[in-house]
Amino acid sequence: MKKIMVVTSTRADYGLLRPLIKRINDSESLELCLVATGTHLLDKFGNTIQEIEQDGFPISYRVDIMKFGSGQYETAQTIAYTIQSFSELFKKDTPDMLVILGDRYEIFAVVTAAATLSIPVAHISGGDITVGAKDDFYRHCITKMSNLHFASCADSAKRIIQLGEQPDTVFNVGGLGNENIHNVMLMSIEELENSLEFKNLEPFMLITYHPETQKNSEPEEEMLKLLKALDKTNINLIFTKSNADAGGEKLNRMIDEYCTKNSSRAKAFFSLGLKRYLSAMKYTSLVIGNSSSGVVETPAFGTPTVNIGDRQKGRFIAENVIQTTGETESILDGIQKGLSEEFRKSCKHVTNPYYAGFLTSEKIEQVITEYVYGEHSTVKTFYDL
């Protein structure tokens, strides 16, 4: 059987990759080699490798790369160390194809090692644009090192070709997150309340805010503006904490302090896990922050969303998403509009640009299988428009 190595480094990419991992694991022609790395292995980020273990997937390797902290210089050190660590892993156990998702710096480093060693790469969610995060150029670099491209929408597929990739290697398959929404058995509101240990949860807002790594401003200043806006509301708050980007740990300390001061209505989690997170997205009155899930996944629920700042700028934005600046008054205006009955009703009829109408993971598995059992070369040529 052909060995397919899937690398997951965060709670976010694992939740999206989960249906594809299951298909590869169940395949009669593909052998799953699952690698957990990044924040999955850190207690301070919720030790989310436990979610993978609870799902019953065999973890072939656990690669600890987060040894240097989360500043800009430390991020550069992590990239260098990750390239070294995965080069050694690929030399020891060379897969027939590497499968990765997204745009994070540690995934960029993994792909750099694989491409250098002529290992074919399948990239999921390329072609997006996120102006406010350095993920933007990591994503495009990953595209140029990859052999198969699975885009989440038509605009992204077009952009991949614009980057010089051969059209017959680009597949508009929709978003894996939308597949999860249509296929994961979600909790009832009572089950969610019990799981979160938060009685009388509704109404509540679901909040995820990450540093804008392309900006020169301090992440704490941006978070303070958001917290000031939340102070002027009176409904419950569920936070999912920031990722391992530069400045993320400072934001998480601010979230913890805020929840301690507002313990009657606010609670924070490193990771809700896929089922709880999607369930919370279903029942929440409003999603707030700058996470990609607020843009890509909320249209499937018709959930009102306030997207703050520029981190997701450039993505296709559905009509359920209200764009605000990072200023307190702008955020508060967005919250008030998002909670209005008129806007909530309009969101229920929104067109979802990230749903392809079929099982995304099934299409990806099919294309990967055809590729690894067919004639192919890792030598790439530039496609001129």
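The values are calculated or read from the model by the stated rules, or taken from the named source; none is laboratory data. Model, not experiment: these values are computed from the prediction. Cβ: placed from backbone, ideal geometry, glycine included. Neighbour counts: every protein chain shown. Side chains included, ligands, DNA and RNA excluded: accessible areas come from the protein's heavy atoms. Shrake-Rupley method; radii C 1.70, N 1.55, O 1.52, S 1.80 Å.
Charged neighbours of residue 292, selected by a Cβ distance under 10 Å, balance to -2 (K, R count +1; D, E count -1).
For the pair residue 345 and residue 166, label points projected 7 Å from Cα toward Cβ lie 5.3 nm apart. The packing ranking, built from the mean of other Cβ atoms within 10 Å per residue, places the peptides 277-290, 178-191 in the order 277-290, 178-191, highest first. Charge tally for residue 48 (other residues, Cβ to Cβ under 13 Å; Lys, Arg +1; Asp, Glu -1): +1. Using 0.36 nm per residue and subtracting the Cα-Cα separation, the extra length available between residue 202 and residue 62 on full extension is 46.5 nm. At a probe radius of 1.4 angstrom, the accessible area of the range 1-154 per residue rounds to 36 square angstrom. The percentage of C-alpha pairs in the range 318-385 whose separation is greater than 17 Å is 69%. Ligands, DNA and RNA left out, the accessible area of the chain computed with a 1.4 Å probe is 49% carbon and sulfur. If you plug the beta carbon distance of residue 88 and residue 384 into 1/(1 + (r/R0)^6) with R0 = 51 Å, you get a FRET efficiency near 0.85. Note on residue 77/residue 144: beta-carbon distance plugged into 1/(1 + (r/R0)^6) with R0 of 30 Å gives a FRET efficiency of 0.80. Remark: for residue pairs 44/267; 225/348; 228/261; 144/363; 228/275; 134/313, the C-alpha separation exceeds 18 Å in 225/348; 144/363; 228/275. The alpha-carbon positions of the chain define a convex hull whose volume is 130 Å³ per residue.
For residue 363, neighbours were defined as the other residues whose beta-carbon sits under 14 Å from its Cβ, and their charges (Lys and Arg +1, Asp and Glu -1) total -3. Any idea how far the Cα center of the range 23-91 sits from the one of the range 242-273, in Å? Their Cα centres are 23 Å away from one another. The calculated 222 nm mean residue ellipticity attributable to helices in the chain amounts to -13500 deg cm²/dmol, summing -39500 (n - 2.57) over DSSP H runs of n ≥ 4 and dividing by all residues. What residue among 260, 143, 305 has the largest mean-square fluctuation in a Gaussian network model of the chain, using Cα springs under 10 Å? Result for the chain, Cα springs under 10 Å: 260 fluctuates most. Each 10 Å bin, from zero up to the one with the longest distance, holds this percent of the alpha carbon pairs of the range 208-330: 13, 47, 37, 3.
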